[in-house]
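A.B. asks: Just dropping this structure here.
The values are calculated or read from the model by the stated rules, or taken from the named source; none is laboratory data. Because the structure is a prediction, the values reported are computed rather than measured. Counting neighbours? That spans all protein chains shown, and the Cβs are built from the backbone with ideal geometry, glycine included.
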Amino acid sequence: MRGLEYHGILRADGPIVIAEHRENVGFSELVSLRDRTGEDRLGKVVDISEQAIAVQLFSENTGISIDGSWIEYLEKPLTFRVGDGIVGRIFNGLGEPIDGYPPIMSSDLRDINGSPINPSARVYPRDFIQTGISAIDGMNTLIRGQKLPIFSGNGLPHNRLAAQIVRQAKVLSGESQFAIVFAGMGIKYDVARFFIDSFEKSGVLARVVMFLSLADSPSIERLVTPRTALTAAEYLAYEKNMHVLVVMTDMTNYCEALREVSAARNEVPSRKGYPGYLYSDLASLYERAGKIEGCEGSITQLPILSMPNDDISHPIPDLTGYITEGQIVLERDLSQRGIYPPIAGLPSLSRLMKDGIGEGMTREDHRDLAAQLFSAYAYVRSVRDLAAIIGEEELSDRDKVFLGFGDRFEREFLAQGEFENRSIEQTLDLGWKMLSILPESELVRIPPKLIEKYLPRAAEPEAKE
Amino acid sequence: MSAGSITRISGPVIYAQGLEDAGLYDVVKVGKAGLIGEIIKLKGDLATIQIYEDNTLMRVSEPVECLHRPLSVALGPGLIGSIYDGIQRPLPVLKSLSGAFLAPGLAGEPLDTQKKWHFVPAIKEGDPIAPGTAFGIIKETDSIVHRLIFDSLVPACTAATVAPEGDYTISATLVKSSDGKEYTAMSYWPVRTPRTFKEKQVTHEPLVTGLRVIDVLFPIAKGGSAAVPGGFGTGKTMTQHAIAKWCDADIIVYIGCGERGNEMTEVLTEFPTLIDPRTGRSLMERTVLIANTSNMPVAAREVSIYTGITIAEYYRDMGYHVAVMADSTSRWAEALRELSGRLEEMPAEEGFPAYLPTRLAEFYERGGMVTTLESKKGSVTIIGAVSPPGGDFSEPVTQHTKRFVRCFWALDRDLANARHYPAISWNDSYSEYTEDLIAYWDAIDPSWDTLRSRTMEILKKERRLADIVRLIGPDALPDEQRLILLTADMIKNGFLQQSSFDKVDMYCAPPKQTLLLTCILTFHELAENAIKSGSPLLKISALPIREKLIRLKSSLENEKVQEGQAVIQEIRTAFARLGAAQGAVSA
């Protein structure tokens, strides 16, 4: 009961504490555990039987003793206090302010687990977001209300890319209120600092809500961080009618924490020791993106995850890809060749692109142009494989043309400056310029009338290169 | 009603004791909130229950009530066009109760109890009643006539009273039997029990999907079963959407099982605007949606598959051809795994329970072409998506599914990367229905079987040649072999690849399918001859007719397929000219 502390626990094992059964304790209820030094820790009830209660702590467990601990059951799930004042503030993973300013003045507490959105109340996302990055706008368009993760690897410039997207993202059909929610899970202080500085430089810091659970905070806190952040995002989007962009980094650290807790609870593991419910658990985060009926606002998610050993079939990127609406994959090879952003042409995908582009939204030729670029670039990849074996000289003339296309496509279309902001027209025109390298008869994915209208004619000098 | 109490709570699994006379798979109401659950295990006085809703703050010793009946779905007019969650709660009604977010403990009538339907009796007083007797019809939508049929749970007797033709709600008594029972337009059926029929039939009729790669290369029969496995982003959902839109089934049951919320919204926004080419009505008028998205409770995900298939069987029993899209069966299997883990059962492969293959077999066997109790012909075709981790088909769900389906449409990562959709691989896919369907295609185009075997042959040869090309380059091959590469390329771009955005190409009628192939293979045949008589391949590939053939799929409309004969003539003329020019050179 609230205000009542029970003395003593039965067992302490990693993040799991077993206490004697008490009446009136609810499943998932928030628990406060005071150790022998008087320090309070939060946890939640994960299993109750008639004999005992299992509590999973959100903080580290050093110094918890059997007889010196006191447990209080708080009769509510873990909540986050929402109010107008949260924008511009910095919180820890549990939602407590850590920027030295006073607590949020509001009596509005929200369960951080949220509730699933009723599928029939969703609004299908269609608004194109211009990020100013050709590889995204042209090939893997970001849509308002989408969840589009960045699959990266250690040492790749995913943070710079995310910062650039935050800096440049805008919707063509007029402006409206926006906010950025940033959840940092297990990231280093410098990474957090980089984002703060970059938000500050682009003048959006006053619109950012930050949740930081840095690498030195207890790993279990990372399980709560994205949920607190998404609770803030839902409040801003669905009650304050803002367009919220949620950046969550690094999801891999989140999953590691989940595995740690699962192992501590002796659960049957599935692939690579991750729990069988990793998919459902990730879905309970990612599915909190979207738009709902009768509400102006939206939540767009940009989770960042580093693929362990650059392996896209590792359970974390794999299950993420099954839930999210596409993925932006960064490629080490491109990065090593000095191409920024190193967005891999082929494995990247935006599932919502098909309904957010075309006439009236971007331009009539967008869809066919992108399909042709993908198809041609896929062929380039197979030609490169061939060239690696038989040498470039042995290639047929057609294949040599494609090889040239591939190089220029990467150097001119994919690559761009970190502060270069291309409009969608520039991106599409650039795409056509790339296609003009190829013989017109190769452009079978594009209807002839669009070729007629948009393809730059061979009279241009650079076509002879 | 026997009341018990909760003794342990472990996520969605609850242990309770004191439930008198409870049976396996009985529905229970758990806790003060009255959350719906199902008994999945009994041991002495202890019952293990899986609950279908979020149970935050539920406490030990809260009451549990057993309803002494298995989980059932309500069947009757009004199902078509509805969207339900996994345990058949109508989502629009829940929306009016709790807003855009789903709250636990909500209930809603699955069928509209206020709406009046026009009932036309089919029996009169004194007529015998037996399972399979149709007692009336209701026009549910402009294209669906809802036959009210006594199911096998109804004892044989005679009709005491029959309501006259008129407008009734689904709760109004329509027939009173001589043994005092009352029957309405609505009935219940337990979801885990297959509905009864007279006998299963062998099927010789294809489910025409309008997707060329399926209909010609890997066809599926009505009443058949198919699996669509593929890694993420290879287009499982897009393929299922395309089939749901254009296949020639009368009714579609689309089960979104543990997938994205936005995908269901897409169906909900897109289907009402699309017109069924056969009935001229909106596609939503033949569709039932079950949406249990990935963030909704996991136990309800497990049952959503059964809810969907029971509704499908219900319409089958009226003599309709129903197609069930299950997207995705892997999420369903994962729900089984998660619940099995909570029950601390001994896991088999990759943590999946040992009874996974049994459950898969039971599910797929609920499809089929049957003679209904009323002696009509109806079918349920099951198309299940499979999401193998890492796109690796050797994992348990794909492997076990393969044992119970006769059609396997493997989605290929490389094709998807090149945005070749549908990304159905011609190397790894197969269909065991091909032989059974020859008779049907003979009526449309007798050359179908030859066309498909020649196409497969060219694609197979191309695969072998591609291996060589990868080592030594295409220039080293003789012209005949390079022609294979060229034709294979035409087949891929001009036939197999199909755009779901192109108005003409999105649906391809069977006569156009064979025509496109005939054109390409005619080109191939003439090119072979031309090469034999000395024309270089370079000239053949430069023929403008080649590009025209590749574009034919989106330039020739389904209704104008007879114009295709002119195209074949054009091919012949082009080669005749080429031959003449070659003749002049050699002379």
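A.B. asks: Give me the residue from segment A:57-73 that is in a strand (DSSP E or B) and of a type in the set (F, W, Y) and, out of that set, surrounded by the fewest Cβ atoms within 10 Å (Cβ to Cβ). It would help to see each step written out before you state the result.
C.D. replies: The initial filter retains those residues of segment A:57-73 that are in a strand (DSSP E or B), namely A:57, A:70-73.
Subset that is of a type in the set (F, W, Y): A:70, A:73.
Working: A:W70: 17, A:Y73: 23.
Here the residue is A:W70.
A.B. asks: Shifting gears a bit: Identify the single condition in (1) surrounded by 24 or more Cβ atoms within 10 Å (Cβ to Cβ); (2) facing chain B (nearest Cβ under 9 Å) that A:V244 does not satisfy, given that it satisfies every other one.
C.D. replies: All conditions pass for A:V244, except number (2).
A.B. asks: When both residues are 6+ apart or on different chains and their Cβ atoms are under 7 Å apart, which pairs have a first residue that lies in segment B:345-365 and is more than 12 Å from chain A (Cβ to nearest Cβ), and a second that is hydroxyl-bearing (S, T, Y)?
C.D. replies: B:L360/B:T401; B:Y364/B:S225
A.B. asks: Right, next: Among the residues of segment A:282-295, which ones are in contact with a helix residue (DSSP H, G or I) (Cβ under 6 Å, 6 or more places away or on another chain) and surrounded by fewer than 18 Cβ atoms within 10 Å (Cβ to Cβ)?
C.D. replies: A:E293, A:C295
A.B. asks: Right, something else. With the requirement that a residue be under 15 Å from the mean Cα position of the chain (by Cα) and crowded, with 24+ Cβ neighbours inside 10 Å, what does segment B:321-331 give you? Give the derivation first.
C.D. replies: Initial filter on segment B:321-331 (under 15 Å from the mean Cα position of the chain (by Cα)): B:321-330.
Passing the criteria: B:V322, B:A323, B:V324, B:M325, B:A326, B:D327, B:S328, B:T329, B:S330.
A.B. asks: Report, by residue number, each residue of segment B:492-538 that is farther than 24 Å from B:R452 by Cβ, within 14 Å of chain A (Cβ to nearest Cβ) and touching a helix residue (DSSP H, G or I) at 6+ places or on another chain (Cβ under 8 Å).
C.D. replies: B:F501, B:P536, B:L537
A.B. asks: Okay, moving on. For B:A410, work out the one condition from (1) within 19 Å of B:I305 (Cβ to Cβ); (2) away from chain A (no Cβ under 14 Å) it doesn't fulfil.
C.D. replies: Among (1) within 19 Å of B:I305 (Cβ to Cβ); (2) away from chain A (no Cβ under 14 Å), the lone unmet condition for B:A410 is (1).
A.B. asks: Of all residues in segment B:23-33 being crowded, with 22+ Cβ neighbours inside 10 Å and within 13 Å of another protein chain (Cβ to nearest Cβ), which is farthest from B:E302 (Cα to Cα)?
C.D. replies: The extreme case among them is B:G31.
A.B. asks: Among the candidates B:T269, B:T193, single out the residue that is surrounded by fewer than 24 Cβ atoms within 10 Å (Cβ to Cβ) and without any contact (Cβ under 8 Å) to a residue 12 or more places away in the chain.
C.D. replies: Only one candidate passes the filter, namely B:T269.
A.B. asks: Across segment B:457-493, which residue is surrounded by the fewest Cβ atoms within 10 Å (Cβ to Cβ) among those that are of a type outside the set (A, V, I, L, M, F, W, C) and outside any helix (DSSP H, G or I)? Walk me through how you get there before you give the answer.
C.D. replies: Pass one, segment B:457-493, residues of a type outside the set (A, V, I, L, M, F, W, C): B:457, B:460-464, B:467, B:470, B:473-475, B:478-482, B:487, B:489, B:492-493.
Remaining after also requiring outside any helix (DSSP H, G or I): B:473, B:478.
Details: B:G473: 18, B:P478: 9.
Checking each candidate, the answer is B:P478.
A.B. asks: Tell me, yes or no, whether segment B:237-250 has at least one residue that is assigned to a strand (DSSP E or B) and either among the charged types (D, E, K, R) or in contact with a helix residue (DSSP H, G or I) (Cβ under 7 Å, 6 or more places away or on another chain) (or both).
C.D. replies: Taking every residue of segment B:237-250 in turn, none turns out to be assigned to a strand (DSSP E or B) and either among the charged types (D, E, K, R) or in contact with a helix residue (DSSP H, G or I) (Cβ under 7 Å, 6 or more places away or on another chain) (or both).
A.B. asks: If you check B:A312, B:A299, B:A333, which single one turns out to be in a helix (DSSP H, G or I), touching a helix residue (DSSP H, G or I) at 6+ places or on another chain (Cβ under 6 Å), hydrophobic (A, V, I, L, M, F, W, C) and more than 9 Å from every other protein chain (Cβ to nearest Cβ)?
C.D. replies: Only one candidate passes the filter, namely B:A333.
A.B. asks: Going by what's in this entry, would A:L302 be described as within 15 Å of the chain's Cα centre (by Cα), of a type outside the set (S, T, Y) and either within 30 Å of A:A237 (Cα to Cα) or outside the structural domain of A:T252 (by TED's automatic domain parsing) (or both)?
C.D. replies: Answer is yes for this residue.
A.B. asks: While we're here: Can you pull out the residues in segment B:441-453 that are farther than 12 Å from B:P511 by Cβ and surrounded by 17 or more Cβ atoms within 10 Å (Cβ to Cβ)?
C.D. replies: Within segment B:441-453, B:L451, B:R452 qualify.
A.B. asks: Return the residues of segment B:34-58 that are more than 11 Å from chain A (Cβ to nearest Cβ), of a type in the set (A, V, I, L, M) and either buried (at least 23 other Cβ atoms within 10 Å of the Cβ) or within 19 Å of B:G105 (Cα to Cα) (or both); say none if nothing qualifies.
C.D. replies: Residues satisfying the conditions are B:L35, B:I36, B:I39, B:A47, B:I49.
A.B. asks: Follow-up. If we scan segment A:350-364, do we find a residue that is crowded, with 22+ Cβ neighbours inside 10 Å, closer than 30 Å to B:S394 by Cβ and not β-branched (V, I, T)?
C.D. replies: Within segment A:350-364, one or more residues are crowded, with 22+ Cβ neighbours inside 10 Å, closer than 30 Å to B:S394 by Cβ and not β-branched (V, I, T).
A.B. asks: Got a sec? Which of B:G384, B:G390 is outside any strand (DSSP E or B) and small (G, A, S)?
C.D. replies: Every option except B:G390 fails the conditions.
A.B. asks: From the list A:A206, A:A215, A:A257, exactly one residue is surrounded by fewer than 24 Cβ atoms within 10 Å (Cβ to Cβ), small (G, A, S) and free of Cβ contacts under 8 Å to residues at least 40 places away in the same chain. Which is it?
C.D. replies: Just a single option satisfies the conditions, and that option is A:A215.
A.B. asks: Hey, does segment A:16-23 have a residue that's touching a residue at least 12 places away in the same chain (Cβ under 8 Å), assigned to a loop (DSSP other than H, G, I, E, B), over 35 Å from the mean Cα position of the chain (by Cα) and within 15 Å of B:R59 (Cβ to Cβ)?
C.D. replies: Scanning segment A:16-23 turns up at least one residue that is touching a residue at least 12 places away in the same chain (Cβ under 8 Å), assigned to a loop (DSSP other than H, G, I, E, B), over 35 Å from the mean Cα position of the chain (by Cα) and within 15 Å of B:R59 (Cβ to Cβ).
A.B. asks: Related question: Given the criteria aliphatic (A, V, I, L, M), under 20 Å from B:G390 (Cα atoms), within 14 Å of another protein chain (Cβ to nearest Cβ) and assigned to a strand (DSSP E or B), does A:L282 qualify?
C.D. replies: Considered against the rule, which asks whether it is aliphatic (A, V, I, L, M), under 20 Å from B:G390 (Cα atoms), within 14 Å of another protein chain (Cβ to nearest Cβ) and assigned to a strand (DSSP E or B), A:L282 comes out as no.
A.B. asks: Are there any pairs, at least 6 apart or on different chains, whose C-beta atoms fall under 6 Å, with the first in segment B:81-100 and more than 10 Å from every other protein chain (Cβ to nearest Cβ) and on the phi > 0 side of the Ramachandran plot and the second part of a helix (DSSP H, G or I) and buried (at least 20 other Cβ atoms within 10 Å of the Cβ), and if so, which?
C.D. replies: B:G81/B:M284; B:Q88/B:T307
A.B. asks: What is the residue count in segment A:152-162 for residues that are of a type outside the set (A, V, I, L, M), in a helix (DSSP H, G or I) and touching a helix residue (DSSP H, G or I) at 6+ places or on another chain (Cβ under 9 Å)? Lay out the reasoning, then the answer.
C.D. replies: Step one: filter segment A:152-162 for residues of a type outside the set (A, V, I, L, M), giving A:152-155, A:157-160.
Applying the additional criterion that residues be in a helix (DSSP H, G or I) yields A:158-160.
Now restrict to residues that are touching a helix residue (DSSP H, G or I) at 6+ places or on another chain (Cβ under 9 Å): A:159-160.
Residues that pass the stated criteria total 2.
A.B. asks: Still on this structure: State the number of residues belonging to segment B:169-185 that are surrounded by 19 or more Cβ atoms within 10 Å (Cβ to Cβ) and in contact with a Lys or Arg (Cβ under 8 Å, 6 or more places away or on another chain).
C.D. replies: 2
A.B. asks: Pick out the one residue from A:I187, A:I165, A:I180 that is of a type in the set (A, V, I, L, M, F, W, C) and either at positive phi or part of a loop (DSSP other than H, G, I, E, B) (or both). Give the steps one after another, and end with the answer.
C.D. replies: Working: A:I165 fails: either at positive phi or part of a loop (DSSP other than H, G, I, E, B) (or both); A:I180 fails: either at positive phi or part of a loop (DSSP other than H, G, I, E, B) (or both).
Answer to the selection: A:I187.
A.B. asks: Starting from residues that are more than 10 Å from every other protein chain (Cβ to nearest Cβ) and outside any strand (DSSP E or B), keep the ones in segment A:29-56 and report whichever is surrounded by the most Cβ atoms within 10 Å (Cβ to Cβ).
C.D. replies: Looking at the filtered set, the residue picked out is A:D35.
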